[in-house]
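I'd like to ask you about the structure that follows.
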2 protein chains.
Amino acid sequence: MNSEFTIAVHSLVYLAYLPERMAPSEVIAENVSTNPARVRKVMSHLRKGGYVDTREGAGGGYRLTLDPAVVSLADIYRLMAQGSVIPSWCSGDPDSDCVVGSNMRSVMNGIFCTAEKQLESYFGGITVADVLGRIKVCK
Amino acid sequence: MNSEFTIAVHSLVYLAYLPERMAPSEVIAENVSTNPARVRKVMSHLRKGGYVDTREGAGGGYRLTLDPAVVSLADIYRLMAQGSVIPSWCSGDPDSDCVVGSNMRSVMNGIFCTAEKQLESYFGGITVADVLGRIKVCK
DNA sequence: TCAACTGTAACTGATATTATTACAGTATAA
DNA sequence: TTATACTGTAATAATATCAGTTACAGTTGA
């Protein structure tokens with residue numbers, strides 16, 4: 001799994017946790033345990049996806065725009081890490097003379113695509129608010 | 001996803017396809033489209049797992065020992081690629097003062113572990129024989 | 001005893017990942 | 001209007017992971 005997905009979820013949950021629902025990249029980065037540039041890159045995607053607002057300049061930062069209860073991890077997964085289940089390396093060769101060698105690639109691809117859809121469906125059942133809820137229970 | 005998982009599945013399906021259910025690493029490697037050393041490494045794991053027999057020496061190679069209809073992709077996944085869903089990088093810091101920063105790691109870990117189990121369960125429903133069946137339909 | 005295998009490790013090159021640094025652009029506030 | 005505090009983005013470097021290659025000792029069958 002892509003770690004940008006983790007950073008995106010963490011950032012959104014953190015913003016949802018703050019009363020003002022707003023923070024600059026440096027503050028988010030410290031909470032996430034990474035550097036501000038990386039957070040800004042992730043937040044840039046989230047902004048394009050409409051999940052956060054950006055305010056440049058002094059006193060600026062990122063602000064959550066949507067209700068945490070309606071944003072699911074599937075939304076974020078699709079934005080940040082789609083295709084994580086499918087391996088980058090494929091076996092076989094479509095031009096092989098052997099039925100197995102020539103068709104394995106597409107068959108495995110079908111299997112992985114279904115797995116990917118199942119993962120998305122699982123993430124679809126968990127919202128940012130749910131994650132924050134689980135965290136609060138940890139106290 | 002780990003590509004050794006793909007190689008393992010491909011190799012087992014290929015062996016199941018052969019009438020004698022046996023082949024040396026070089027032949028398997030050609031069908032898989034990789035090099036023999038890599039195949040041998042994967043097959044070594046499968047042998048330890050009891051899925052194939054090894055015969056060293058001239059005329060040797062790997063032989064399928066189990067019925068392809070009882071070996072599921074979940075068995076192979078557990079052997080070759082367990083934990084693929086969990087990201088290597090974790091956000092947050094257990095020693096953080098913030099509830100979010102300190103607990104995010106374990107909460108996300110729980111989410112990923114459940115996702116992993118779901119993936120295993122999906123793979124559990126597909127056997128080596130099923131994969132071979134799908135390939136034959138491609139003809 | 002030769003030839004054909006496996007088992008395993010070392011090494012290389014390619015690719016991916018994370019951190020770091022830098023700087024132009026933008027908004028706020030004094 | 002000027003200093004300050006931000007974002008956006010790219011370049012670079014450090015590190016880790018991945019796939020291919022080579023090598024060779026050990027094993028077995030002919």
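The values are calculated or read from the model by the stated rules, or taken from the named source; none is laboratory data. Fair warning: this is a prediction, and the values are worked out from it, not measured in the lab. Ideal geometry is used to build each Cβ from the backbone, glycine not excepted, and the neighbour counts take in all protein chains shown.
Within the range A:120-132, take every residue that is touching a Ser or Thr at 6+ places or on another chain (Cβ under 8 Å) and facing chain B (nearest Cβ under 7 Å) and give me the one that is nearest to A:Thr6 (Cα to Cα).
Across the range A:120-132, the extreme among qualifying residues is A:Ile126.
Can you tell me which residue is farthest from A:Ile126 (Cα to Cα) among those in the range A:28-52 that are exposed (fewer than 15 other Cβ atoms within 10 Å of the Cβ) and more than 6 Å from DNA strand D (Cβ to nearest atom)?
By that ranking, first place goes to A:Asn35.
Name the residue, out of A:Ser84, A:Ser72, that is within 16 Å of DNA strand C (Cβ to nearest atom), surrounded by 14 or more Cβ atoms within 10 Å (Cβ to Cβ) and more than 15 Å from A:His10 (Cβ to Cβ).
Checking each option against the conditions leaves just A:Ser84.
A:Ser102 fails exactly one of the following numbered conditions: (1) in contact with a Pro (Cβ under 8 Å, 6 or more places away or on another chain); (2) in a helix (DSSP H, G or I); (3) within 16 Å of DNA strand C (Cβ to nearest atom); (4) among the hydroxyl-bearing types (Ser, Thr, Tyr). What is the number of that condition?
Only one criterion is unmet by A:Ser102, namely (3).
Quick check: anything in the range B:4-27 surrounded by fewer than 16 Cβ atoms within 10 Å (Cβ to Cβ), within 17 Å of the chain's Cα centre (by Cα), more than 9 Å from DNA strand C (Cβ to nearest atom) and free of Cβ contacts under 8 Å to residues at least 40 places away in the same chain?
No - not one qualifying residue is present in the range B:4-27.
Filter the range A:31-47 down to the residues that are more than 11 Å from DNA strand C (Cβ to nearest atom) and without any contact (Cβ under 8 Å) to a residue 12 or more places away in the chain and list them by number.
A:Ser44
Would you confirm whether any residue within the range B:59-76 is modelled with pLDDT under 95 and within 14 Å of DNA strand D (Cβ to nearest atom)? Steps first, please.
First pass over the range B:59-76, keeping only residues modelled with pLDDT under 95: B:59-60.
Filter once more, so that each one left must be within 14 Å of DNA strand D (Cβ to nearest atom): B:59-60.
Checked the range B:59-76: at least one residue is modelled with pLDDT under 95 and within 14 Å of DNA strand D (Cβ to nearest atom).
Sticking with this structure for a sec: When you look at A:Gly57, is it surrounded by fewer than 16 Cβ atoms within 10 Å (Cβ to Cβ) and without any contact (Cβ under 8 Å) to a residue 12 or more places away in the chain, yes or no?
yes
Sticking with this one: Of B:Gly101, B:Gly92, which residue is surrounded by 16 or more Cβ atoms within 10 Å (Cβ to Cβ) and at positive phi?
On the way: B:Gly101 fails: at positive phi.
Of the residues listed, the single one that is surrounded by 16 or more Cβ atoms within 10 Å (Cβ to Cβ) and at positive phi is B:Gly92.
Also, quick follow-up: Give A:Cys113, A:Cys90, A:Cys98 a once-over and let me know the one that is more than 8 Å from chain B (Cβ to nearest Cβ) and hydrophobic (A, V, I, L, M, F, W, C).
The conditions single out A:Cys113.
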